[in-house]
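Have a look at the structure below, then the notes.
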Amino acid sequence: MSYATQDLFDVLGPKGRRKSNIAGFVTITVVALILGFIVVQLYKSGQFAAAKWELFTFPLVQREILETTGSTLRAFATGAILALILGVLLLLGRLSPARWVRTSVTWLTETFRAIPLLVLMMLIYYGLPVLGATFVTPFIAVTVGLAIYNGSVFAEIFRAGLNSLPKGQSEAGAAIGLRKGQVLAVILAPQAIRNMLPAIISQLVVALKDTALGFMVTYPELLYLAKFYGTQMQYGSPIIPAAMVMGSIYVALCLALSYVAVRVQKWSSSSGTPKKVKRND
Amino acid sequence: MDVLLNNLDLFVLGFANTVLMFAVSAVFSLLLGVVIGVLRISPSSSMRAVGTTYVNLLRNTPLALLMMFFALGYPKLGLPALDYTTLAIIALVLYTASYVAEVFRSGINSIHVGQTEAARAIGLTFDQVITVVLVPQAFRNVVPPLISVFIALLKNTTVASGFSVMQAGAISANMSERGENLLATLLWVAFFFFLLVMGLAAVQRKFERKWAQS
């Protein structure tokens, strides 16, 4: 990333340095003005008043926030695992030798990706009970919605990962007498997974963010709690403090996952270079 | 079919607003996104830092949370009143701009380093390297992923239904007041989204095919 960025310009001379310093100064000033204005407005409207934050000092509230973070993570983890399984199944469908399986799975993947996740969750939560499926809980709606949408995205990522491998790999596998499934499992998958890992993890970040949609199907996750605390009249309806607290938790969780993605990307690109083979002679 | 025909007013209103929100957000997020993309590749380290912080922060914030800040938080700030649709559009623009900036930046980075070096060797300035050499070449690498970002934007407009904005995602809530079949309603909504997304995807494929040949 920084490699290509650095190559866009020479080492700056005295004139260029001055220009760049001025531009940097202007940018920082503008950003500082915008941020300052927001903070002043927040302060003026009394968002930093102790009364609005008092709610979050209660141990009971803190425990509830912690538990809700847990249920956000639970929905995410369940949805992600289901999505990975579905992704593999859809991939196998697309690799199937039967043409009708291939086309129908392709259409299915395209359809799942085209429907907004929120509509998908509402379909499961409000739509399925019409058919008599009364067992649908908010948790099921969120996780199955996440699984269907992200599963179809994973299927595409997996397919792109397999297609990026040189054709000689599968041909060589076939040449030494491996069956199609063995070529996939023994030759292609191990190589492709390393290439795909960064894409998979950034899609997982998307899935983690999307658990926030759960509050619209009444799943008690962090935003649901923010809205609930934000409407507590006796504490001055602290919706902005509540959104700040829950927001920081969400951002921290997503940043942690993104950080893993960056590390993995560095690891997979650095270990891609051939290593010296030890000789024992 | 009856569910659709008897409530055509709701469906037309909902999808008209979705398309409107989409179009307005697309234009503004493109503008803001290019500005932030330029910040990210600028020679000034403080500009780069601002761009990187913006992208990292916004890309790791759920859109629903951003909308909650604007839809529920903004009216409490004592600033000039804005309606929910405008506030939702602001949230969509801020969110989508971070994705546009990344597409722009990776488009520029996808151009072979030799191009930049050659441009610098013949004495072009940084501004000229970007505008005369890189952007025209990066354009074809940028448009297809940009359409993907816009497809996501179109789907993301539904998030606004949590904050009393009438658009396609909110049709079902209104339909349940009319006592209509929710399954059929939501299937129709999903179907129309499918059509809209397929339309955008067809445009994307057309560009990809056009530039793959040349």
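When all C-alpha to C-alpha distances in chain A are sorted into bins of 5 Å, what percent of pairs does each bin hold, rounded to whole numbers? For chain A, the binned pair fractions read 1, 5, 8, 10, 11, 12, 11, 11, 10, 8, 6, 4, 2, 1, 0, 0, 0 percent. Distance from the C-alpha centroid of region B:49-82 to that of region A:204-254: 13 Å, rounded to the whole angstrom.
How big is the C-alpha Rg of region B:101-214 next to the rule-of-thumb value 2.2 N^0.38 Å, as a ratio? All intermediate terms of the calculation are to be shown ahead of the outcome.
Details: Rg = 21.2 Å, N = 114, 2.2 N^0.38 = 13.3 Å.
Output field value: 1.59.
Distance between the pseudo-spin-label points of A:R18 and A:A172 (7 Å out from Cα toward the beta carbon): 5.9 nm.
Taking R0 as 22 Å, what's the FRET efficiency between A:Q232 and A:L73 from their Cβ-Cβ distance, rounded to 0.05?
Values: r = 25 Å, r/R0 = 1.12.
Efficiency at R0 = 22 Å is approximately 0.35.
Remark: spin-label model distance B:A81-A:A133 equals 4.3 nm, labels positioned 7 Å along the Cα→Cβ axis. When A:L90, B:L183, B:L5 are arranged by Cβ crowding within 10 Å, least crowded first, meaning fewest neighbours, the order is B:L5, B:L183, A:L90.
Size of region A:1-149: Rg and Dmax of its alpha carbons, in Å, are 25.9, 75.
The spread of Cα positions in region B:8-212, taken along each principal axis and listed from longest to shortest, comes to 70, 46, 24 Å.
Round to the nearest 10 and give me the degree value, 0 to 90, for the angle of helix B:182-213's Cα axis relative to the longest principal axis of chain B. Taking Cα atoms only, the helix is inclined about 20 degrees. Residue by residue along B:74-82, Cβ atoms of other protein chains within 10 Å of the local Cβ number 3 on average. Of all aspartates and glutamates in the structure, those lying under 15 Å Cα to Cα from A:K180, and not within fewer than 8 positions of it along the same chain, are A:E171. Projecting the alpha carbon convex hull of the protein assembly as shown along each direction and taking the average yields 31.1 nm².
Could you work out how much longer the chain between A:L60 and A:R99 gets when fully extended? Use 0.36 nm per residue separation minus the Cα distance between them, nm to one decimal.
Values: separation 39, 0.36 × 39 = 14.04 nm, distance 5.79 nm.
My answer for the length gained is 8.2 nm.
Computed from Cα atoms, the angle from the helix A:189-210 axis to the main principal axis of chain A rounds to 20 degrees.
If we count other beta carbons within 10 Å of each Cβ, what is the order of A:Y43, A:Y224, fewest first? All intermediate terms of the calculation are to be shown ahead of the outcome.
Values: A:Y43 11, A:Y224 21.
Sorted ascending by nearby Cβ count, the order is A:Y43, A:Y224.
For chain A, a Gaussian network of Cα nodes joined below 10 Å ranks A:S268, A:S96, A:S45 by mean-square fluctuation, and the top entry is A:S45.
The string of couplings for region A:94-110 from the Karplus curve (6.51, -1.76, 1.60, θ = phi - 60°) is 6, 8, 4, x, 6, 5, 5, 5, 4, 5, 5, 5, 4, 4, 4, 4, 4 Hz, one whole number per residue in order, with x for Gly and Pro. The alpha carbon convex hull volume per residue for region A:95-172 rounds to 118 Å³.
Any read-out appearing in this document is the output of simple, stated calculations on the displayed coordinates, not a laboratory observation. Every value quoted in this text rests on a predicted model; they were computed, and no experiment measured them. Here Cβ is always computed from backbone atoms with ideal geometry, including for glycine, and neighbour counts include all displayed protein chains.
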